[in-house]
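Presented below is the structure to which this report refers.
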Amino acid sequence: AVYEDQVGKFDWRQQYVGKLKFASLEASQGSKKLIVATEKNVVAALNSRSGEILWRHVDKGTPEGAIDAMLIHGQDAITVSNAGRILRSWETNIGGLNWETSLDTGSFQVASLVGLQDVVKYVAVLKKAAISLHYLSNGHQKWVEHLPDSESTQYQLLYSHGTGVIHVLGIIPQSHLSVVTFSVEDGEVTKQVRVAAPWLQSLSGVCSVVGEAVLVCVDMDTHSLYVCSLETEQEMKQIPLQSLELEFAAGFQPRILATQPSVISASRPQFFLQLSPSHFSLLQYKQGLLSHLRDFQQAALVSFATTGEKTVAAVLTCRNELKPGSSDGLPPGSAQEESQEQDSLTCSNQTYNINLYLVETGQRLLDTTITFTLEQSGAKPQQLYIQVFLKKDDSVGYRALVQTEDHMLMFLQQPGKLVWSREESLAEVVSLEMVDLPLTGAQAELEGEFGKKADGLLGMFLKRLSSQLILLQAWTAHLWKMFYDARKPRSQIKNEINIDNLARDEFNLQKMMVMVTASGKLFGIESSSGTILWKQYLRNVRPGSSFKLMVQRTTAHFPHPPQCTLLVKDKETKLSFLYVFNPIFGKRSQVAPPVLKRPILQTLLLPIMDQDYAKVLLLIDDEYKVTAFPATKNVLRQLEEIAHTIFFYLVDAEQGKLSGFRLKKDLTTEESWEVMIPTEVQRIVTVKGKRSNEHVHSQGRVMGDRSVLYKSLNPNLLAVVTESTDTHHERTFIGIYLMDGVTGRIIHSSVQKKAKGPVHIVHSENWVVYQYWNTKARRNEFTVLELYEGTEQYNATAFSSLDRPNLPQVLQQSYIFPSAISAMEATITERGITSRHLLIGLPSGAILSLPKALLDPRRPEIPTEQSREENLIPYSPDVQIHAERFINYNQTISRMRGIYTAPSGLESTCLVVAYGLDIYQTRVYPSKQFDVLKDDYDYVLISSVLFGLVFATMITKRLAQVKLLNRAWR
Amino acid sequence: LFIMYMAGNTISIFPAMMVCMMGWRPLQALMSLSATLKALESSSRRALQGLVFLVGNGLGLALALYKCQAMGLLPTHPSDWLAFIAPPQRMEFTGGGLIL
């Protein structure tokens, strides 16, 4: 818990919505919001002036919450979610739910608003076998009708334009089209037409309705357009494209993009035909005539927008020539060839233009160019939304929302001014590390003095003098700045943090957070304020890749820059590459990483360093050969010396196999152990080792009789969690195996019957805490395991897994927890003196800080004299959630996926980052702030008392002297 | 001695002060051993008297130490040295995990 005046002092939260799926911008100049529905199952309204979230609704993260369609009508947003099961209407001003109805099952196809006589009153939902009509005002169902021949026909399109009928278009592939017309009033089938179309495979993308219910389809094989009026005709008319002098690009499925500004009137007769990934053509079909209005070469995206009577087409083009994608100096390696095979196009200098064209004529509107430059190389725009409005002088003005490949949202204004941008890829952080900030220039100068070789007494002395002078200069500059700032009003002083003035603070509380997101974008975020200081997009990372981020060199080794290494492995091709960068500035490192020819299975970061103080990274590939990085002679020699102490363990969850490998001198490995866990019965879900940077201060625990119970601190210990494949609530179980990663010896195994995952586990020091669902008692339970060596230590000076004759004693206790949890992590501090807390992320978005002392298997059932002496709390089965233990008060974190903890320079303080849809950063003090004076420490009182005492002593001394003198005179 | 017994074995400021005094006085007496011996110079059985003085003060010191022990002030248990045990050195390095 925090005090009221501490809110926002050490902590910050950033909220995200995720990658856009649907967006809607109001067509008026004064509108303040834009409504978005995203792939993260979020419906939200963004402030169009600042990009802040006005309101946000987060649905389930599973496919159950997926949003299939979003329609906007006036102040209401209609969403269809859960595969067409749920229809909701939102009030867009405040984000309230107007109504919600559940629909019948059946795979969702399309939803559309339906108007009748100039009023939009209904929403139609087309499913595989039925169409239903609902009132917009309350969601009640007006009628539902089954579609004829729904087994063979795939109904995919829905069209109405205020004439009192709804056309439903279905297709039997390579046979014919079926057009069913329903009456809006009662759902009666008024007409049913079959149109032969043996060339047609699917309707979506290929066909669209233009003008007054005219269906236009494009066929790649015959290079022609097919046109058919839904209301009058019964046959498709073929128009060869050669007559318009248009050509398709080879191997590209052409698409048709049409627009219908309002559902109560007809669609525009103009439409876009996409001929190749970068070639669009604006066509018009009017009164049975197809005409070509304008051709757009080198266009990346097109979009329609309407305001009042005017409909415009926005075209996003590259300023320079588009050229086939090249991996602009991004990680070389095998992934590069892959990316060049894709016919992706990048803009050479990342500068794009948006232009507006009047659709009726294809004329370019004057003064409507927006020019913008993307800062990230290789990220191309993916979606374009336009907000058009009429200015006072009746000319057209607009704003554009552009989403790029790296999930960045940009809101642009004429003439190319960036109103705001949002980094939505941060909604899916996959890996995170905290790196110390570098020292300031003056500090670095001092450090550098010690680092260099001595060059004579005088030289050293002069150098020292000069560095002291620099320090003095910096100090006076600081004083002057303070004096200068003090005269200015407080509001004007902004402590802006940018990449140039980054420096470590006294207690190392400020760090650089390096975040890896699922889209392949890397971020460097300053931890005290949450400012994004750098970002880097890795272009050839495909979705679903796995990442592993490692810090090879910290900032402690000035003048060598810090170095982070990211291993990216593609899920499909199994190919991996290394990306080496400087975590402070985000720049790609000069060091060339090894080219990885084989898929990498796992990595190991060794504590040994090369002559440049970079830790050695070992990569084991699928032939069980090891690659070292950096691979200098020095490193290889060191490796040869210590090869017999290096072991790998690999866990193959699919085959249920755990195996250990020993490194040999020639960097090959040999298998030393193997454990099979039969996959028919149970499957491995998690393997947790210990954190390598963890310090344990106390080697044992003091008992009531003042003897010591020594902890069993095996650094090679693994906790393996398995879940049963049988999920019946009577037979389901989870298994916990504690194994030694060097020898494969199973130190402890237990099976928890009638227990079900998902299992969250924390493994630290000599304890393991895991949480599961008890199916018998229907509650969440914690179990804690602690390992002790006993009252004698076997070998106090060195720990070797190969020489451990005695198994440790395992103590175990279970507790009831009143809530499910979504993430769990233990606090960590610099030296491990501070007591540990468990940080538990609850589904409600709160983070509970639970003292580890509450989960202690030595808690006695009946308290005795000795247990009281030890300060053990008597056992009680339930662990309660106290709201004052929430570290994030009301700053809840939606859909929390992980918690990251890092030590700070203060022993009492641990830095915490929780991530999910939102990112939250704070500090925790598990044993209170024992090494820091409190905020409300009364400096004035203490110093005044001190001065007063000194003063009083001086006065009394004087008085005493006078008195002595007087007495001597007497 | 009786006061010592009455003071009990709990650690609080008065018993601690008393134990300190009790230990300090024999020590002080032993320090000034030569001065005492000088005073005894006239005596004929000087050696014996000196020995008795020594033994008496030694007993007093032993009593104070016993009292300290009873109060748990002497670091005689392994737990008293726990904070000084260095963590054992790691002999093997291991790494890996689920196959990426």
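Taking the stretch A:643-661, which residues are assigned to a strand (DSSP E or B) and facing another protein chain (nearest Cβ under 7 Å)? Break it down stepwise before answering.
So the first thing to find is which residues in the stretch A:643-661 are assigned to a strand (DSSP E or B), and the list is A:646-652, A:657-661.
Across the stretch A:643-661, the qualifying residues are A:646, A:647, A:648, A:649, A:650, A:651, A:652.
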Q.
So, in the stretch A:258-288, how many residues would count as being polar (S, T, N, Q) and more than 21 Å from residue A:25 (Cα to Cα)?
A. 7
**Q.** Subset of the stretch A:546-560 (residues that are surrounded by 19 or more Cβ atoms within 10 Å (Cβ to Cβ) and at pLDDT below 85)
**A.** A:555
Q: Six or more apart or on different chains, Cβ under 8 Å: which pairs go from a residue in the stretch A:37-55 that's modelled with pLDDT of 90 or more to one that's among the aromatic types (Phe, Trp, Tyr)? Could you list them?
A: A:37/A:22; A:43/A:90; A:44/A:55; A:45/A:55
Q.
For residue A:664, only one of the following conditions fails: (1) at the interface with chain B (Cβ under 8 Å from one of its Cβ atoms); (2) farther than 30 Å from residue A:680 by Cα. What is its number?
A. (1)
Q: Give just the number: which of (1) in a loop (DSSP other than H, G, I, E, B); (2) more than 11 Å from every other protein chain (Cβ to nearest Cβ); (3) within 17 Å of the chain's Cα centre (by Cα) does residue B:76 not satisfy?
A: (2)
Q | Residues satisfying the stated conditions in the stretch A:831-852, i.e. surrounded by fewer than 18 Cβ atoms within 10 Å (Cβ to Cβ) and either in the same structural domain as residue A:777 (by the TED database) or in contact with a strand residue (DSSP E or B) (Cβ under 9 Å, 6 or more places away or on another chain) (or both) | A | A:831, A:835, A:851
**Q.** Of residues in the stretch A:221-242 being free of Cβ contacts under 8 Å to residues at least 24 places away in the same chain and farther than 23 Å from residue A:161 by Cβ, the one surrounded by the most Cβ atoms within 10 Å (Cβ to Cβ)
**A.** A:241
Q: Output the number of residues of the stretch A:687-717 satisfying the condition of being over 22 Å from residue B:90 (Cα atoms) and more than 8 Å from chain B (Cβ to nearest Cβ).
A: 2
Q.
Anything in the stretch A:769-805 that is outside any strand (DSSP E or B) and within 14 Å of chain B (Cβ to nearest Cβ)? List them, or say none.
A. A:791, A:792, A:793, A:794, A:795, A:796, A:797, A:800, A:801, A:802, A:803, A:804
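Matching residues to (1) within 10 Å of chain B (Cβ to nearest Cβ); (2) more than 15 Å from residue A:546 (Cβ to Cβ):
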site	(1), (2)
A:557	no, yes
A:560	no, yes
A:576	yes, no
A:579	no, no
A:583	no, yes
A:586	no, yes
A:606	yes, yes
A:612	no, yes
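The values are calculated or read from the model by the stated rules, or taken from the named source; none is laboratory data. Just so we're clear, the structure is a prediction, and the values are computed from it rather than from any experiment. Neighbour counts run over all protein chains shown; Cβ positions are idealised from the backbone, glycine included.
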